[in-house]
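One structure is given below, encoded as structure tokens.
The values are calculated or read from the model by the stated rules, or taken from the named source; none is laboratory data. Just so you know, these numbers come straight off a predicted model, no measurement behind them. Because the Cβ atoms are built from the backbone with ideal geometry, glycine has one as well, and the counts that use them run over all protein chains shown.
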């Protein structure tokens with residue numbers, strides 16, 4: 001029998017204006033696994049991530065975390081769910097006028113989870129873990145893109161989340177730093193046993209970190225399997241994408257489509 005999913009999107013539909021983004025999105029993520037979400041631009045990857053965090057509400061269907069609806073539960077339940085997850089945005093989403101230390105400490109201060117020596121110990125532990133102690137007094141504008149992403153993870157880890165969500169974590173990084181980041185994601189899974197959902201376009205990263213890969217096309221999952229299974233699937237759209245072919249059934253002209261929300 002399959003293990004009960006820790007994250008579940010159930011027949012989720014979502015429309016923005018006149019454009020239907022999600023058209024019956026179904027996704028199940030098991031506890032402790034790394035699920036990578038692949039697919040062309042504008043097909044619903046980031047919108048799916050927003051539904052998992054509860055930042056977007058489905059027009060139809062539901063999204064559940066730990067068995068409770070992140071969309072339709074009372075606000076008290078939603079807060080408890082969000083307290084058990086961390087999110088790494090594409091840029092790191094650091095506050096420019098706060099030091100790296102203060103950015104990492106922010107969730108603990110905002111939610112009054114720790115103060116004084118306990119807060120300091122927690123923040124320094126995460127900065128040490130992410131190799132950022134030397135940059136703790138720097139402002140975000142004074143550190144590299146890779147360090148900003150690591151600081152974003154450090155901030156997310158201060159609340160000891162059970163789920164980590166990543167939006168294009170290797171975007172803007174060179175190949176070496178991308179691999180460093182991939183190894184970090186694997187380390188978090190191995191040592192902290194977190195469940196991860198990673199939205200990416202980076203095939204090398206996907207093959208390296210994924211336990212399973214879900215491929216989204218036109219607002220729904222058309223394939224879900226291991227990295228080995230996606231390499232050998234006969235599905236023509238999946239094969240066109242993962243091999244970067246310009247000829248195939250996948251629609252390549254997105255000029256008339258609005259940028260993904």
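For the range 8-15, the criterion of being in a loop (DSSP other than H, G, I, E, B), touching a residue at least 12 places away in the same chain (Cβ under 8 Å) and crowded, with 23+ Cβ neighbours inside 10 Å is met by no residue. The single residue among 190, 231 that is at pLDDT below 90 and surrounded by fewer than 18 Cβ atoms within 10 Å (Cβ to Cβ) turns out to be 190.
Listed here are the residues, each with its yes/no results for (1) in contact (Cβ under 8 Å) with a residue 60 or more places away in the chain; (2) buried (at least 16 other Cβ atoms within 10 Å of the Cβ); (3) in contact with a helix residue (DSSP H, G or I) (Cβ under 8 Å, 6 or more places away or on another chain).
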{"residue": "86", "(1), (2), (3)": "yes, yes, yes"}
{"residue": "105", "(1), (2), (3)": "no, yes, yes"}
{"residue": "108", "(1), (2), (3)": "no, yes, yes"}
{"residue": "116", "(1), (2), (3)": "no, no, no"}
{"residue": "130", "(1), (2), (3)": "no, yes, yes"}
{"residue": "146", "(1), (2), (3)": "no, yes, yes"}
{"residue": "153", "(1), (2), (3)": "yes, yes, yes"}
{"residue": "167", "(1), (2), (3)": "yes, yes, yes"}
{"residue": "178", "(1), (2), (3)": "no, yes, yes"}
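Output yes when any residue across the range 16-28 is within 20 Å of residue 167 (Cα to Cα), surrounded by 14 or more Cβ atoms within 10 Å (Cβ to Cβ) and without any contact (Cβ under 8 Å) to a residue 60 or more places away in the chain, and no when none is. The answer is yes; a qualifying residue exists. Filtering the range 57-74 to residues that are crowded, with 20+ Cβ neighbours inside 10 Å and touching a residue at least 60 places away in the same chain (Cβ under 8 Å) leaves only 65.
Within the range 137-180, track down each residue that is in a loop (DSSP other than H, G, I, E, B), farther than 24 Å from residue 195 by Cβ and modelled with pLDDT under 90.
Just the residues of the range 137-180 that are in a loop (DSSP other than H, G, I, E, B), to begin with: 137-139, 143-144, 158-162, 168-174.
Adding the requirement that they be farther than 24 Å from residue 195 by Cβ leaves 137-139, 143-144, 172, 174.
The answer is 143, 144, 172, 174.
Scanning the range 46-56 for residues that are in contact (Cβ under 8 Å) with a residue 24 or more places away in the chain and closer than 30 Å to residue 136 by Cβ, we see that the one that is surrounded by the fewest Cβ atoms within 10 Å (Cβ to Cβ) is 53.
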